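Notes follow the structure.
The values are calculated or read from the model by the stated rules, or taken from the named source; none is laboratory data. Please read these numbers as outputs of a predicted model, since none were measured by experiment. Every residue, glycine as well, gets a Cβ built from its backbone with ideal geometry; the counts of neighbours run over all protein chains shown. Just the protein is used for accessible areas: all its heavy atoms, side chains included, with ligands, DNA and RNA removed. Shrake-Rupley method; radii C 1.70, N 1.55, O 1.52, S 1.80 Å.
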Amino acid sequence: MSGIIEVYVVNAFVEDNRGGNPAGVVINGTSLTEPQMQSIAAELGYSETAFILPSKKADYRVRFFTPTNEVDFCGHATVGAFATLFHLGKIDAGEYTQQTGAGILKVEVSPEGRITMQQVLPQFGDEYAAEDVAKLLGLSAEDILATGLPVQAVSTGLMDVIVPVTDERQLLEMTPDLEAIKAFNARTKTGALHVFALTPTESDISAKCRNFAPLLGIDEESATGSAAGALASYLHIFQGGKYRYLFEQGELLNRRSLLWASVDSDGGKITAVQVGGLSDKPQRIPFRLEADA
């Protein structure tokens, strides 16, 4: 396929219509090959680009590509994809399903355009030594150990390593070694380090976060919807069973983002995970696919 394709950019998880994480969205890519999708994602350069396709199993099939890889699921690109369909008048407020590499997941669109997505039930993976992970971030082991929380891989669609630090200062001032993080994620078969600091109890924000995924071509991301679900599940298990969370991400990138997350459980077992947020209006990008990839 070559020619003009319909490409948009939309910022997901915005606060007061500012900040957020930009996602590419392609809505007429049915005839694109996988190499072409990867080439388009690389050329756009956003942390993820969503390709909205027909599905026999759900309302839509959505494929997600970073600049270097296809991934099973992406939270902010899901928000971007369905916000684009909504703002273009292709869907109304309501409930939909998307077929993803992580499974068939529900998506709810509110009349105000807020997107809330179901995520897969959490899988808790390996724990890692604080001493090993601290070196990757320019921290001391005590900066992690003092939290009393584990460094653990968790997935609600993508397997990220959740890393607690004791306060916001450490979160903002740490110096990540991106090449070392890339090697660590490759060795452990994980996608990213998702680092967080809990906020004071009187704050509306549950935790402030930073996400590093150089293995996937993303040095740092301003809003990570899949990791928000993983972090909510982690905190529900290890921090006393709260059910509703609000996470802030992207401050150092000058793209402050807000991500809502909720966890349902029964008898201590998590039964549902949802993540939601707002986007700005999608902007059409002039884009022409010059030749087959």
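Averaged per residue, region 188-293 has 44 square angstrom of accessible surface, using a 1.4 angstrom probe with ligands and nucleic acids left out. If you average the C-alpha positions of region 107-181 and of region 78-95 separately, how far apart do those two centres end up, in angstrom? So the separation of the two Cα centres works out to 29 Å.
Compute the FRET efficiency between Lys90 and Phe238 as 1/(1 + (r/R0)^6), taking r as their Cβ-Cβ distance and R0 = 45 Å, and round to the nearest 0.05. About 0.65, to the nearest 0.05. Once the Cα-Cα distance is subtracted from the 0.36 nm per residue extended length, the Glu112 to Gln283 segment shows a gain of 59.7 nm. Among the GluC sites (Glu not before Pro) in region 198-232, those located in a DSSP loop and surrounded by at most 13 other Cβ atoms within 10 Å of their own Cβ are Glu202. Heavy-atom surface analysis with a 1.4 Å probe gives the chain a carbon and sulfur content of 46 percent of its accessible area. Extension gain, Arg18 to Ser55: 0.36 nm times the residue separation minus the Cα-Cα distance gives 10.0 nm.
In a simple Cβ point-charge model (Lys, Arg +1; Asp, Glu -1; nothing else charged), the chain has a dipole of about 720 debye relative to its Cα centre. When only DSSP loop residues count, what trypsin sites (Lys or Arg not before Pro) in region 58-155 have their Cβ near at most 12 other Cβ atoms within 10 Å? Here the sparse-neighbourhood loop sites are Lys90.
Just to be sure I understand the curve: with the Debye formula and one point per C-alpha of the chain, what is log10 I(q)/I(0) at q = 0.15 Å⁻¹? Taking Cα atoms of the chain as identical point scatterers yields -1.11. When we measure straight from the Cα of Lys189, which lysines land under 30 angstrom away, once same-chain ones fewer than 8 places off are left out? Answer for Lys189, where 30 Å is the Cα cut-off: Lys57, Lys106, Lys135, Lys208, Lys242, Lys269, listed by chain and number. Between the residues Leu137, Thr84, Phe13, the greatest Cα displacement towards the positive end of the dipole of the chain, with unit charges on the Cβ of Lys, Arg, Asp and Glu, is found for Thr84.
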